[in-house]
Amino acid sequence: SQVNDIILDEDVWLATGVKVMSGVTIGRGTIVAAGSVVTKDLPCFVLAGGVPAKIIKSIEEENYE
């Protein structure tokens with residue numbers, strides 16, 4: 001079986017205990033809550049969490065620094 005790479009864009013923050021499955025891409029500025037399991041790609045500038053991880057809210061890019 002083929003193992004796909006995990007891609008983390010710039011400024012991604014993964015809290016304690018996050019698991020990211022193979023082949024997943026996490027977009028720039030995204031935050032993933034503690035204990036989450038990321039099974040699908042996440043776009044840029046969102047807060048995600050849960051098992052499996054889902055988007056909780058968008059982070060406004062202009063306020064991001």
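Condition (residue is aliphatic (A, V, I, L, M), at pLDDT 95 or above and either closer than 22 Å to Asn4 by Cα or open to solvent by less than 40 Å² (accessible area, probe 1.4 Å) (or both)) applied to segment 50-60: is it met by at least one residue?
Taking segment 50-60 first, the residues aliphatic (A, V, I, L, M) are 51, 53, 55-56, 59.
Imposing the further condition that a residue be at pLDDT 95 or above reduces the set to 51, 53, 55-56.
Narrowing the set further to residues that are either closer than 22 Å to Asn4 by Cα or open to solvent by less than 40 Å² (accessible area, probe 1.4 Å) (or both) leaves 51, 53.
Yes, that holds for at least one residue.
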**Request:** Using the structure shown, decide if Lys19 is open to solvent by 70 Å² or more (accessible area, probe 1.4 Å), at pLDDT 95 or above and touching a strand residue (DSSP E or B) at 6+ places or on another chain (Cβ under 6 Å).
**Result:** yes
**Asked** Can you tell me which residues in segment 22-31 are open to solvent by 30 Å² or more (accessible area, probe 1.4 Å) and in a loop (DSSP other than H, G, I, E, B)?
**Response** Ser22, Gly23, Arg28
**Subset of segment 3-16 (residues that are under 12 Å from Val46 (Cβ atoms) and either open to solvent by 80 Å² or more (accessible area, probe 1.4 Å) or in contact (Cβ under 8 Å) with a residue 60 or more places away in the chain (or both))** = Trp13
**Item:** Residue match in segment 32-40 (condition: touching a Lys or Arg at 6+ places or on another chain (Cβ under 7 Å) and either in contact (Cβ under 8 Å) with a residue 60 or more places away in the chain or assigned to a loop (DSSP other than H, G, I, E, B) (or both))
**Value:** no
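The values are calculated or read from the model by the stated rules, or taken from the named source; none is laboratory data. Remember, predicted model here, so these are calculated numbers, not experimental data. Here Cβ is always computed from backbone atoms with ideal geometry, including for glycine, and neighbour counts include all displayed protein chains. With ligands, DNA and RNA removed, areas are computed over all heavy atoms of the protein, side chains included. Shrake-Rupley method; radii C 1.70, N 1.55, O 1.52, S 1.80 Å.
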